[in-house]
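Here the structure comes first, spelled out in structure tokens, and everything after it is commentary.
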Amino acid sequence: MTLLSDASGPEPATPSTYVDDAFYQLLRDDLVEWNAPGAVPDDRQPLETFLLHEAWLLDQGRYEDWFGLLTDDCLYWVPASPDPGDPQTSVTIACDDRRRLGDRIGWLRTAKAWAQIPPSRTSHLLGAPVEVPTAVAGERKLRSSVIVHETRPGTPPRALAGWCGHVLRTDDGALRIVRKIVVLTDADHGHRNLSFLL
Amino acid sequence: MRSSPADLVQPHRVHRTLYTDPDLFTDEMTRLFGGSWTFLAHESEVPRPNDYVRKRLGLRPVIVTRDRHGEIHALVNRCTHRGATVCRTDAGNAASFTCPYHGWTFANTGRLTGVPLPKAYGPGLDRGSLGLGRIRVESYRGFVFGTLNPDQAGLVDHLGPAAGVLDQWIDRAPGRTVHVRHGAHRMVYHGNWKLAYDNSADGYHPGFSHRSLLSMRQQRYGAGVDMQYVLADVDAGAQTVSDLGNGNTFLDQRGEIPEYWPQAAPSPGREAYEQQIRQKYGPDAGPFLEAAVGSGMNLNLFPNLLIIGNQIQVIEPLAIDRTQLTWYATSADGTPDEITAIRMRLQEDFPSFGEPDDLANFEECQTGLGVPEMEWVLTDRHLTTERETTGPDGVVTGPVSDELPIRAFWRRWVELMTADLKLAVS
């Protein structure tokens, strides 16, 4: 990953208005829907291609390209417990709207985020995704097991495991990520330096 | 030949082995964490009768309970039969605990209430002396502290001026109570626990350690957002540090914060909730929004409680060179749900973009402190500049990059490490 001194992020920060009571209700509804039995979708090929591409961009440190896969009303959510609870009333490891994701990428690119100098090297291993039903028109939900293998100098490599849920939508003919949740099996344990994107 | 603790602490520097000597660590875990009042839990973590949470006092496993009459207890989580822990879950509601090993049962007040097959003990089983070890507890405005020192003066006396600062922090909430039941974010660093307390009232480091956060804010939001006042000559600014006595210290940023809400870090939900609050609450909206933002106070209660912004951070030593920091989120009584929603997202900000850089620096300190030939750690900023003042309550205050709080910590450290302590459960 190239370290720049440019902390301005993948796009300028603009007012963010979509996180409100209705949005939090959507997140609570998401958790209910994630819990349904899933099935491997008939059109798995383009969906898996997309998820594997997302993993590749993250592992290559191409954070700006990854940001380009997200919708304007996106959310990146890493709960602080394997039972995610209600994000409206509980703190998380990450609960970023598009603007705060831009903050996060800008922070990583400053060349002064000591926690990520040098950058972590990751390898995302995804289990085959299953699709769960959703009541939200235009959205599709894919749930998969994930292991993020991470190395940093001076510390043994580690494997962060759990499940991830991708809410996808087709915008202008292209698949995009609307909401992504990463639920680690050890979400409520102490983590050393979890400052990279999962 | 091992130096005594007092030799390792000099007025202007301390010895590196204070951070690296496992024998010292073992002594610290009993003397500092238990020798005087040590933070255990907040009462809002056990709101209902028979609620309990598992905590640690140093390395000792502890259960903090609220009994059916509402009284708080701190019990050593260790069966008096053969030493197993009796409580195996982090939180719950139970009137008693039954040891999974041989079935001994203890009420949540600690009293031994059940011993299977007791005839084997003959007539001599003294149940009264076989309750769970009890830790002396006192609360101050919801903050529960414990000690194993029967001679320790009462909590309010011990807190001294720190109680008034804690009052100011709590009273920012319109309902004058905070709630600690909104989850926690736990971070681990491979370094000694004292590196965190060293940093807790360190006004010198932010412009450098948190350069990444400050650059990001500057480039994305311009000047005046989220503590950019740390980039100036901080000693010419309005922040201060104070020694509150007994190792308690305070870094006060409030002089640089004329109004909280406008300079708050942007967070998810800010726009929608501000609009909703102003629509619904009229003249109360302004004060509500002010209470949403971090306090600008860093109040540190020796040895393990760091009140940072709006959050409670507890230092949990695991080993000489491994420490867990638990960041508990809080809400403020007397504020609407919209404020809680703002607070949750705001309270993720510094743990995401600030703390990791400090922890990286702590780990690198631990590496450097392993070099035997470089023995000393400097603690002498503003030791000779005569810029400290003493208030009517005896509180010494200095410019914000003064290492006064670090020196105050070490004075208390020496006191407790060399005191003739007779620690005991009751």
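By the compact-protein rule of thumb, 2.2 N^0.38 Å, the alpha-carbon radius of gyration of the range B:291-404 corresponds to a ratio of 1.34.
Between residue B:117 and residue B:238, full extension at 0.36 nm per residue minus the direct alpha carbon distance yields a gain of 36.8 nm. Counts of other chain beta carbons within 10 angstrom of each beta carbon in peptide A:81-94 average 5.
If R0 is taken as 41 Å, the Cβ-Cβ distance between residue B:371 and residue B:420 corresponds to a FRET efficiency of 0.75.
Taking 4.7 Å between C-beta atoms as the pairing limit, chain B has these partnerless cysteines: B:87, B:365. Taken along its three principal axes, the alpha carbon spread of chain B comes to 77, 64, 40 Å, from the longest extent down to the shortest. Here, chain A yields an orientationally averaged convex hull projection of 11.1 nm² when only Cα atoms define the hull.
Please report the base-10 log of the normalised intensity I(q)/I(0) for the range A:120-198, using a Debye sum with one equal scatterer per alpha carbon and no solvent, at each q in 0.15, 0.19 (1/Å). Normalising to I(0) and taking log10 leaves -0.62, -0.86.
Take each residue in B:168-177, count the other chain C-beta atoms within 10 Å of its C-beta, and the mean is 0.
Accessible surface for the range B:12-93, divided over its residues, is 38 Å² per residue with a 1.4 Å probe.
Overall, the anisotropy analysis places the range B:167-274 in the rounded class: the square-rooted eigenvalues a ≥ b ≥ c of its C-alpha gyration tensor yield a/c less than 1.5. The per residue volume of the convex hull around the alpha-carbon atoms of the protein assembly as shown is 179 Å³.
Placing unit charges on each Cβ (+1 for Lys and Arg, -1 for Asp and Glu) gives chain B a dipole about its Cα centre, and among B:145, B:122, B:423 the Cα reaching farthest toward its positive end belongs to B:122. Considering only B:251, B:130, B:159, the mean-square fluctuation computed in a Gaussian network model of chain B, springs between alpha carbons under 10 angstrom, is largest for B:130. Counted over the protein assembly as shown, the DSSP beta bridges are approximately 95% antiparallel.
Measuring nothing but protein heavy atoms, the accessible surface of chain B at 1.4 Å probe radius is 51 percent carbon and sulfur. Using a/c under 1.5 as the rounded threshold, could you call the range A:1-66 rounded, prolate or oblate? The axes a ≥ b ≥ c are square roots of the C-alpha gyration tensor eigenvalues, and prolate needs a/b larger than b/c, oblate otherwise. In terms of gyration-tensor shape, oblate. Result for chain B in a Gaussian network model with C-alpha springs under 10 Å: among B:407, B:111, B:220, the largest mean-square fluctuation is at B:220. Look at where the Cα atoms of the range B:294-332 and of the range B:1-24 average out, and the two centres are 25 Å apart. Within the range B:1-51, the trypsin sites (Lys or Arg not before Pro) that combine a DSSP coil assignment with at most 15 other C-beta atoms in a 10 angstrom radius are B:2. Looking at chain A alone, DSSP beta bridges between its own residues are antiparallel in about 90 percent of cases.
Pairing chain B with chain A buries about 3500 Å² of accessible area. This figure sums both sides and uses a 1.4 Å probe.
Label positions at residue B:26 and residue A:6, each projected 7 Å from the Cα along the C-beta direction, are separated by 5.6 nm. How far apart, in nm, are the 7 Å Cα→Cβ label points at residue B:337 and residue A:36? According to this spin-label approximation, the distance is 2.5 nm.
Between the C-alpha center of the range B:59-131 and that of the range A:59-81 there is a gap of 48 Å.
Using +1 at the Cβ of each Lys and Arg and -1 at the Cβ of each Asp and Glu in chain A, identify which of A:90, A:191, A:51 lies farthest towards the dipole's positive end. Of the candidates, A:191 comes out farthest on the positive side. Within the range B:392-417, name every residue whose backbone N is under 14 Å away from a label modeled 7 Å from Cα of residue B:151 along the Cβ vector. Backbone N within reach: B:415-417. If R0 is taken as 35 Å, the Cβ-Cβ distance between residue B:94 and residue A:174 corresponds to a FRET efficiency of 0.05. Helix B:270-281 and the longest principal axis of the Cα set of chain B meet at an angle near 80°.
Computed over protein heavy atoms with a 1.4 Å probe, the carbon and sulfur contribution to the accessible area of the range A:26-65 reaches 54%. In sequence order, the range B:66-80 has phi-based couplings of 10, 6, 5, 8, x, 7, 8, 10, 10, 10, 6, 7, 7, 4, 6 Hz under the Karplus curve 6.51 cos²θ - 1.76 cosθ + 1.60, θ = phi - 60°, and Gly or Pro positions carry x. The amide H of residue B:79, built 1.01 Å from its N in the peptide plane, has B:84, B:85, B:86 as neighbours under 5 Å, considering only residues 5 or more places off or on other chains. Which residues, if any, in the range A:12-35 lose at least 40 square angstrom of accessible heavy-atom surface (probe 1.4 Å) when the other protein chains sit next to their chain rather than the chain being alone? Relative to the lone chain, where solvent access is computed with a 1.4 Å probe, the range A:12-35 loses at least 40 Å² at A:13, A:19, A:21, A:24. With protein chains left intact and a 1.4 Å probe, residues in chain A average 41 Å² of accessible area per residue. Here's how it looks for residue B:10: its modeled amide H is under 5 Å from those of B:15, which are all 5 or more places away or on a different chain. Counting only Cβ charges, +1 for Lys and Arg and -1 for Asp and Glu, the dipole size of chain B around its Cα centre is about 1960 debye. Each Lys and Arg contributes +1 and each Asp and Glu -1, all at the Cβ; summed about the Cα centre of the protein assembly as shown, the dipole is approximately 1920 debye.
Helix B:211-221 versus the longest principal axis of chain B: what angle, 0 to 90°, nearest 10, using Cα atoms? Tilt of helix B:211-221: around 50 degrees. Remark: chain A carries a charge dipole of roughly 740 debye about the Cα centre, counting +1 on each Lys and Arg Cβ and -1 on each Asp and Glu Cβ.
Computed over chain B with a Gaussian network model linking Cα atoms closer than 10 Å, the most mobile of B:114, B:122, B:154 is B:122. Near residue B:318, the amide H atoms lying under 5 Å from its own belong to B:323, B:324; only residues 5 or more places off or on other chains count, and H is placed 1.01 Å from N. Quick check: from the Cα gyration tensor, does the range B:74-230 come out rounded (a/c under 1.5), prolate or oblate? Verdict is prolate for the range B:74-230. 3J(HN,Hα) along the range B:93-110, derived from phi through the Karplus expression 6.51 cos²θ - 1.76 cosθ + 1.60 where θ = phi - 60°, amounts to 9, 7, 7, 8, 10, 10, 5, x, 8, 10, x, 5, 10, 10, 5, 6, 9, x Hz, with x in place of Gly and Pro. Across peptide B:357-363, the mean count of Cβ atoms from other chains lying within 10 Å of each residue's own Cβ comes to 4.
The values are calculated or read from the model by the stated rules, or taken from the named source; none is laboratory data. Quick caveat, the model's predicted, so the values are computed rather than measured. Every residue, glycine among them, receives a Cβ derived from its backbone with ideal geometry; neighbour counts consider all protein chains shown. Please note that ligands, DNA and RNA were not included when accessible areas were found on the heavy atoms of the full protein model with its side chains. Shrake-Rupley method; radii C 1.70, N 1.55, O 1.52, S 1.80 Å.
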